[in-house]
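*Asks:* Take this structure, written in C-alpha coordinates, and hold onto it; I'll ask about it next.
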Amino acid sequence: MGHIQKVRAAAVALALAGALAACGDAGDDGDEGSDVEVQENAADEFDDGTRMKELADAGSVTIGVKFDQPGIGFKGATDDAPVGFDPEIGKILAADLGIAPEDITWKETISDNREPFLQNGTVDLVIASYSITDERRQVVGQAGPYYVTGQQLLVGTDSDIDSLDDVKGTEVCSVTGSTSLENIEAEGAKPRGFDTYSECVDQVLNGTVDAMTTDGAILLGYAAENPDQLKVVVEPFSEERYGVGYSIDAPEMCEWITETIEDAQDDGAWATAFEATLGQSGVETPDPPAMDECPAA
Ligand code: GLU
(Lines give C-alpha, C1' and ligand atoms only; values in the text may rest on other atoms or scores of the structure.)
Protein backbone atom coordinates (compact mmCIF):
# COMPACT_ATOMS: atom_id res chain seq x y z
CA MET A 1 0.00 0.00 0.00
CA GLY A 2 1.39 3.40 -0.95
CA HIS A 3 1.54 6.39 1.34
CA ILE A 4 -1.67 7.95 -0.01
CA GLN A 5 -3.59 4.71 0.45
CA LYS A 6 -2.26 4.41 3.99
CA VAL A 7 -3.34 7.93 4.77
CA ARG A 8 -6.73 7.22 3.27
CA ALA A 9 -7.10 3.99 5.29
CA ALA A 10 -6.10 5.88 8.44
CA ALA A 11 -8.60 8.64 7.67
CA VAL A 12 -11.35 6.10 7.13
CA ALA A 13 -10.40 4.37 10.37
CA LEU A 14 -10.48 7.64 12.27
CA ALA A 15 -13.81 8.63 10.79
CA LEU A 16 -15.17 5.20 11.69
CA ALA A 17 -13.92 5.62 15.26
CA GLY A 18 -15.95 8.80 15.61
CA ALA A 19 -18.93 7.23 13.93
CA LEU A 20 -18.81 4.16 16.15
CA ALA A 21 -18.67 6.35 19.23
CA ALA A 22 -21.72 8.18 17.88
CA CYS A 23 -23.37 4.83 17.13
CA GLY A 24 -22.75 3.79 20.72
CA ASP A 25 -24.74 6.77 21.95
CA ALA A 26 -27.54 6.29 19.47
CA GLY A 27 -27.45 2.56 20.16
CA ASP A 28 -28.70 2.98 23.71
CA ASP A 29 -32.27 2.83 22.49
CA GLY A 30 -31.20 0.03 20.14
CA ASP A 31 -33.19 1.17 17.12
CA GLU A 32 -31.03 3.40 14.93
CA GLY A 33 -31.51 2.78 11.24
CA SER A 34 -34.44 0.48 11.89
CA ASP A 35 -37.29 2.59 10.55
CA VAL A 36 -38.39 -0.32 8.36
CA GLU A 37 -42.06 -0.61 7.54
CA VAL A 38 -43.46 -3.79 9.02
CA GLN A 39 -45.76 -5.52 6.53
CA GLU A 40 -49.37 -5.86 7.68
CA ASN A 41 -51.20 -9.19 7.19
CA ALA A 42 -47.93 -10.61 5.89
CA ALA A 43 -48.98 -14.23 6.39
CA ASP A 44 -51.59 -13.80 3.60
CA GLU A 45 -48.77 -13.04 1.14
CA PHE A 46 -47.14 -16.46 1.42
CA ASP A 47 -48.20 -19.91 0.23
CA ASP A 48 -49.11 -22.59 2.75
CA GLY A 49 -46.28 -24.96 3.44
CA THR A 50 -43.53 -22.40 2.89
CA ARG A 51 -41.06 -21.51 5.64
CA MET A 52 -41.97 -17.84 5.15
CA LYS A 53 -45.63 -18.59 5.93
CA GLU A 54 -44.63 -20.54 9.06
CA LEU A 55 -42.49 -17.66 10.31
CA ALA A 56 -45.12 -15.04 9.48
CA ASP A 57 -47.77 -17.12 11.30
CA ALA A 58 -45.47 -17.56 14.31
CA GLY A 59 -44.72 -13.84 14.36
CA SER A 60 -41.11 -14.45 15.29
CA VAL A 61 -37.83 -15.32 13.60
CA THR A 62 -34.40 -16.30 14.93
CA ILE A 63 -31.48 -14.68 13.15
CA GLY A 64 -27.80 -15.52 13.66
CA VAL A 65 -25.48 -12.49 13.58
CA LYS A 66 -22.00 -11.64 14.82
CA PHE A 67 -21.82 -9.91 18.21
CA ASP A 68 -18.20 -8.71 18.05
CA GLN A 69 -17.80 -6.98 14.69
CA PRO A 70 -18.27 -3.19 14.97
CA GLY A 71 -20.22 -1.78 12.02
CA ILE A 72 -21.32 -5.24 10.82
CA GLY A 73 -22.79 -7.01 13.85
CA PHE A 74 -22.03 -5.85 17.37
CA LYS A 75 -23.72 -6.25 20.74
CA GLY A 76 -22.29 -4.82 23.93
CA ALA A 77 -22.79 -6.80 27.13
CA THR A 78 -25.59 -4.53 28.34
CA ASP A 79 -27.23 -3.86 24.94
CA ASP A 80 -30.67 -5.31 24.23
CA ALA A 81 -30.05 -5.92 20.54
CA PRO A 82 -27.09 -6.06 18.16
CA VAL A 83 -26.36 -3.13 15.83
CA GLY A 84 -24.71 -3.12 12.42
CA PHE A 85 -25.38 -3.61 8.73
CA ASP A 86 -26.19 -7.33 9.12
CA PRO A 87 -28.88 -6.81 11.80
CA GLU A 88 -30.34 -4.05 9.60
CA ILE A 89 -30.65 -6.52 6.71
CA GLY A 90 -32.29 -8.91 9.19
CA LYS A 91 -34.84 -6.26 10.18
CA ILE A 92 -35.69 -5.62 6.51
CA LEU A 93 -36.34 -9.34 5.93
CA ALA A 94 -38.31 -9.75 9.18
CA ALA A 95 -40.47 -6.70 8.35
CA ASP A 96 -41.52 -8.39 5.11
CA LEU A 97 -42.75 -11.32 7.21
CA GLY A 98 -44.75 -8.89 9.35
CA ILE A 99 -42.27 -9.26 12.23
CA ALA A 100 -41.21 -6.11 14.11
CA PRO A 101 -37.56 -5.64 15.21
CA GLU A 102 -38.47 -6.34 18.86
CA ASP A 103 -39.90 -9.74 17.88
CA ILE A 104 -36.63 -10.91 16.30
CA THR A 105 -34.58 -13.31 18.41
CA TRP A 106 -30.91 -12.51 17.79
CA LYS A 107 -28.54 -15.42 18.26
CA GLU A 108 -24.78 -14.97 18.32
CA THR A 109 -23.05 -17.01 15.64
CA ILE A 110 -19.30 -17.39 15.27
CA SER A 111 -17.80 -18.24 11.89
CA ASP A 112 -17.51 -21.95 12.58
CA ASN A 113 -21.10 -22.62 13.70
CA ARG A 114 -23.00 -20.90 10.88
CA GLU A 115 -23.61 -24.06 8.81
CA PRO A 116 -24.50 -26.26 11.86
CA PHE A 117 -26.88 -23.60 13.22
CA LEU A 118 -28.76 -23.60 9.90
CA GLN A 119 -28.65 -27.38 9.56
CA ASN A 120 -29.98 -28.11 13.06
CA GLY A 121 -32.55 -25.29 13.12
CA THR A 122 -30.91 -23.23 15.89
CA VAL A 123 -31.51 -20.22 13.64
CA ASP A 124 -33.83 -19.50 10.69
CA LEU A 125 -31.38 -17.16 8.93
CA VAL A 126 -27.66 -16.38 9.20
CA ILE A 127 -26.65 -12.81 8.39
CA ALA A 128 -23.10 -12.75 9.72
CA SER A 129 -20.42 -11.50 7.30
CA TYR A 130 -21.13 -14.83 5.63
CA SER A 131 -19.30 -15.13 2.31
CA ILE A 132 -21.03 -17.10 -0.41
CA THR A 133 -18.89 -20.07 -1.44
CA ASP A 134 -19.54 -23.19 -3.54
CA GLU A 135 -18.49 -25.34 -0.59
CA ARG A 136 -21.00 -23.73 1.77
CA ARG A 137 -23.73 -23.90 -0.85
CA GLN A 138 -23.35 -27.70 -0.77
CA VAL A 139 -24.77 -27.78 2.77
CA VAL A 140 -26.81 -24.57 3.23
CA GLY A 141 -28.65 -22.06 1.06
CA GLN A 142 -27.03 -18.65 0.57
CA ALA A 143 -28.95 -15.83 -1.14
CA GLY A 144 -27.08 -12.72 -2.19
CA PRO A 145 -24.71 -11.03 -2.38
CA TYR A 146 -26.14 -8.07 -0.46
CA TYR A 147 -22.63 -6.61 0.11
CA VAL A 148 -19.14 -7.19 -1.30
CA THR A 149 -15.84 -6.64 0.52
CA GLY A 150 -12.33 -8.13 0.31
CA GLN A 151 -9.68 -9.62 2.56
CA GLN A 152 -6.95 -7.34 3.98
CA LEU A 153 -4.51 -7.29 6.91
CA LEU A 154 -4.63 -5.59 10.31
CA VAL A 155 -1.25 -4.87 11.90
CA GLY A 156 0.23 -2.75 14.68
CA THR A 157 0.84 0.87 13.67
CA ASP A 158 4.61 0.21 14.03
CA SER A 159 4.56 -2.95 11.87
CA ASP A 160 6.77 -3.27 8.77
CA ILE A 161 4.20 -5.47 7.01
CA ASP A 162 3.19 -3.41 4.00
CA SER A 163 2.53 -5.92 1.23
CA LEU A 164 1.12 -9.41 0.92
CA ASP A 165 4.67 -10.72 0.27
CA ASP A 166 5.66 -9.54 3.72
CA VAL A 167 3.38 -12.08 5.44
CA LYS A 168 5.33 -15.11 4.16
CA GLY A 169 6.61 -17.00 7.22
CA THR A 170 4.90 -14.67 9.72
CA GLU A 171 2.18 -15.67 12.17
CA VAL A 172 -1.19 -14.37 11.07
CA CYS A 173 -4.38 -15.03 13.01
CA SER A 174 -7.92 -15.36 11.76
CA VAL A 175 -10.97 -17.40 12.64
CA THR A 176 -11.65 -21.12 12.28
CA GLY A 177 -14.32 -21.82 9.69
CA SER A 178 -13.69 -18.57 7.81
CA THR A 179 -12.58 -18.14 4.22
CA SER A 180 -9.85 -15.79 5.54
CA LEU A 181 -7.86 -18.50 7.33
CA GLU A 182 -7.68 -20.69 4.21
CA ASN A 183 -6.70 -17.76 1.98
CA ILE A 184 -3.82 -16.56 4.19
CA GLU A 185 -2.35 -20.05 4.42
CA ALA A 186 -2.24 -20.04 0.61
CA GLU A 187 -0.17 -16.82 0.82
CA GLY A 188 2.57 -18.60 2.80
CA ALA A 189 1.76 -17.29 6.28
CA LYS A 190 1.64 -19.49 9.39
CA PRO A 191 -2.11 -19.44 10.12
CA ARG A 192 -3.32 -19.21 13.72
CA GLY A 193 -7.03 -19.93 14.08
CA PHE A 194 -9.24 -18.62 16.89
CA ASP A 195 -12.98 -18.94 17.57
CA THR A 196 -13.69 -15.23 17.27
CA TYR A 197 -12.21 -12.12 15.70
CA SER A 198 -12.11 -10.35 19.06
CA GLU A 199 -9.73 -13.05 20.39
CA CYS A 200 -7.63 -12.70 17.25
CA VAL A 201 -7.38 -8.90 17.48
CA ASP A 202 -6.19 -9.24 21.09
CA GLN A 203 -3.24 -11.31 19.82
CA VAL A 204 -2.24 -8.49 17.47
CA LEU A 205 -2.62 -5.92 20.26
CA ASN A 206 -0.42 -7.91 22.65
CA GLY A 207 2.10 -8.81 19.94
CA THR A 208 1.60 -12.60 20.05
CA VAL A 209 1.00 -12.68 16.28
CA ASP A 210 2.29 -10.43 13.49
CA ALA A 211 -1.04 -9.67 11.84
CA MET A 212 -4.72 -10.48 11.71
CA THR A 213 -6.55 -11.08 8.46
CA THR A 214 -10.16 -11.05 7.35
CA ASP A 215 -12.58 -8.87 5.37
CA GLY A 216 -11.64 -5.19 5.13
CA ALA A 217 -15.09 -4.15 6.36
CA ILE A 218 -14.45 -6.05 9.62
CA LEU A 219 -10.84 -4.89 10.06
CA LEU A 220 -11.73 -1.21 9.68
CA GLY A 221 -14.07 -1.53 12.66
CA TYR A 222 -11.26 -2.85 14.88
CA ALA A 223 -8.75 -0.27 13.61
CA ALA A 224 -11.31 2.44 14.36
CA GLU A 225 -11.58 1.27 17.96
CA ASN A 226 -7.78 1.37 18.41
CA PRO A 227 -6.50 3.96 15.92
CA ASP A 228 -3.27 4.54 17.86
CA GLN A 229 -2.35 0.86 17.87
CA LEU A 230 -3.80 -0.71 14.74
CA LYS A 231 -3.89 -0.02 10.99
CA VAL A 232 -5.36 -1.76 7.94
CA VAL A 233 -2.83 -2.50 5.17
CA VAL A 234 -2.65 -3.97 1.63
CA GLU A 235 -5.20 -3.78 -1.14
CA PRO A 236 -8.05 -6.32 -0.89
CA PHE A 237 -6.79 -9.68 -2.14
CA SER A 238 -10.03 -11.65 -2.26
CA GLU A 239 -13.66 -11.02 -3.09
CA GLU A 240 -16.07 -11.74 -0.23
CA ARG A 241 -19.70 -11.71 -1.32
CA TYR A 242 -21.94 -11.62 1.76
CA GLY A 243 -25.03 -13.79 1.54
CA VAL A 244 -28.03 -14.55 3.75
CA GLY A 245 -27.87 -18.17 4.93
CA TYR A 246 -31.01 -20.30 5.07
CA SER A 247 -31.76 -24.01 5.46
CA ILE A 248 -31.21 -26.13 2.37
CA ASP A 249 -34.52 -27.82 3.29
CA ALA A 250 -36.38 -24.54 2.61
CA PRO A 251 -35.21 -23.65 -0.92
CA GLU A 252 -38.28 -21.41 -1.36
CA MET A 253 -36.58 -18.90 0.91
CA CYS A 254 -34.09 -17.95 -1.81
CA GLU A 255 -36.53 -16.09 -4.09
CA TRP A 256 -38.12 -14.37 -1.10
CA ILE A 257 -34.77 -13.19 0.37
CA THR A 258 -33.52 -12.09 -3.05
CA GLU A 259 -36.67 -10.16 -3.97
CA THR A 260 -36.98 -8.53 -0.54
CA ILE A 261 -33.37 -7.30 -0.66
CA GLU A 262 -33.77 -6.16 -4.28
CA ASP A 263 -36.84 -4.16 -3.23
CA ALA A 264 -34.80 -2.63 -0.40
CA GLN A 265 -32.05 -1.75 -2.87
CA ASP A 266 -34.64 -0.05 -5.10
CA ASP A 267 -36.63 1.82 -2.44
CA GLY A 268 -33.62 3.14 -0.51
CA ALA A 269 -33.92 0.96 2.62
CA TRP A 270 -30.63 -0.79 1.75
CA ALA A 271 -28.82 2.55 1.47
CA THR A 272 -30.40 3.80 4.72
CA ALA A 273 -29.18 0.64 6.47
CA PHE A 274 -25.67 1.11 5.06
CA GLU A 275 -25.53 4.78 5.98
CA ALA A 276 -26.66 4.06 9.56
CA THR A 277 -23.93 1.46 10.07
CA LEU A 278 -20.87 0.87 7.85
CA GLY A 279 -21.42 4.19 6.11
CA GLN A 280 -20.95 6.08 9.37
CA SER A 281 -17.21 5.74 8.71
CA GLY A 282 -17.48 8.27 5.92
CA VAL A 283 -17.16 5.46 3.35
CA GLU A 284 -19.37 6.40 0.44
CA THR A 285 -22.45 4.23 0.07
CA PRO A 286 -21.59 1.79 -2.73
CA ASP A 287 -23.93 0.81 -5.51
CA PRO A 288 -25.73 -2.28 -4.21
CA PRO A 289 -24.38 -5.46 -5.80
CA ALA A 290 -26.50 -7.48 -8.24
CA MET A 291 -27.99 -10.49 -6.50
CA ASP A 292 -27.34 -14.02 -7.83
CA GLU A 293 -30.14 -15.95 -9.44
CA CYS A 294 -31.63 -18.60 -7.19
CA PRO A 295 -30.96 -22.24 -7.99
CA ALA A 296 -33.66 -23.84 -10.15
CA ALA A 297 -36.28 -25.50 -7.95
N1 GLU B 1 -16.52 -13.33 5.15
C2 GLU B 1 -15.59 -14.34 5.54
C3 GLU B 1 -16.26 -15.67 5.85
O4 GLU B 1 -17.41 -15.82 5.75
C5 GLU B 1 -14.75 -13.92 6.73
C6 GLU B 1 -15.54 -13.24 7.82
C7 GLU B 1 -16.18 -14.20 8.79
O8 GLU B 1 -15.54 -15.20 9.19
O9 GLU B 1 -17.31 -13.96 9.18
O10 GLU B 1 -15.62 -16.61 6.18
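*Asks:* When the accessible area of the chain is split by element with a 1.4 Å probe, what percent falls to carbon and sulfur?
*Replies:* 44 percent
*Asks:* In a Debye calculation with equal point scatterers on the alpha-carbon sites of segment 35-76 and no solvent, what is log10 I(q)/I(0) at q = 0.25 Å⁻¹?
*Replies:* -0.84
*Asks:* Also: Using every pair of alpha-carbon atoms in segment 24-158, split the distances into 5 Å bins beginning at 0 and state the percent of pairs per bin, rounded to integers.
*Replies:* Percent of Cα pairs in each bin: 2, 10, 18, 21, 20, 15, 9, 3, 1, 1, 0, 0.
*Asks:* Non-local amide H neighbours of Y147 (under 5 Å, H modeled in plane, Pro and chain starts lacking H): which ones?
*Replies:* Those lying under 5 Å, H to H, from Y147 are Y242.
*Asks:* Amide H neighbours of I72 under 5 Å, counting only residues 5+ apart in sequence or on other chains, H built in-plane at 1.01 Å?
*Replies:* Under 5 Å from the amide H of I72: F85.
*Asks:* Between segment 242-296 and segment 35-61, what's the alpha-carbon centroid distance in Å?
*Replies:* So the two Cα centres are separated by 18 Å.
*Asks:* Moving on. May I ask you to evaluate 6.51 cos²θ - 1.76 cosθ + 1.60, the Karplus curve with θ = phi - 60°, for each residue of segment 129-136 and list the ³J(HN,Hα) values in order in whole Hz, giving x for glycine and proline?
*Replies:* Karplus-based 3J(HN,Hα) across segment 129-136 equals 6, 9, 4, 6, 9, 4, 4, 5 Hz.
*Asks:* What fraction of the DSSP beta bridges in the chain is antiparallel, stated in percent and rounded to the nearest 5?
*Replies:* 60 percent
*Asks:* Probe of 1.4 angstrom, ligands and nucleic acids ignored: what's the accessible area per residue over segment 36-116, in square angstrom?
*Replies:* The answer is 43 Å² per residue.
*Asks:* Turning to a different aspect of this structure: Give the calculated FRET efficiency between S60 and Q119 to the nearest 0.05, with a Förster radius of 22 Å applied to their Cβ-Cβ distance.
*Replies:* So the FRET efficiency works out to roughly 0.60.
*Asks:* Taking R0 as 30 Å, what FRET efficiency do you get between E259 and D112 from their Cβ-Cβ distance, rounded to the nearest 0.05?
*Replies:* Numbers: r = 30 Å, r/R0 = 1.01.
About 0.50, to the nearest 0.05.
*Asks:* Separate question: For the chain, count the residues as N, evaluate 2.2 N^0.38 Å, and divide the Cα radius of gyration by that value, please.
*Replies:* 0.98
*Asks:* To the nearest 0.05, how large is the calculated FRET efficiency for A77 and D47 if R₀ is 51 Å and r is the Cβ-Cβ distance?
*Replies:* In this case the efficiency is close to 0.80.
*Asks:* A further question on this structure: Output the peptides 148-159, 110-121 sorted from most to least packed, where packing is the average of other Cβ atoms within 10 Å over each peptide's residues.
*Replies:* The peptides rank, most packed first, as 148-159, 110-121.
*Asks:* So what does F67 come to for accessible area, using a 1.4 Å probe and Å² rounded to 10?
*Replies:* Approximately 40 Å² of F67 is accessible to the 1.4 Å probe.
*Asks:* Which values, in whole Å and largest first, are the semi-axes of the equivalent ellipsoid of segment 98-248 obtained as the square root of 5 times each eigenvalue of the Cα gyration tensor? Intermediate results must be reported in sequence, preceding the final value.
*Replies:* Working: eigenvalues 168, 54, 36 Å².
Whole-Å semi-axes of the equivalent ellipsoid: 29, 17, 13.
The values are calculated or read from the model by the stated rules, or taken from the named source; none is laboratory data. All figures in this text were calculated on a predicted structure; none of them were measured in a lab. With ideal geometry, Cβ positions are generated from the backbone for all residues, glycine too; neighbour counts draw on all protein chains shown. What goes into the accessible areas is simple: the full protein's heavy atoms, side chains included, and nothing from ligands, DNA or RNA. Shrake-Rupley method; radii C 1.70, N 1.55, O 1.52, S 1.80 Å.
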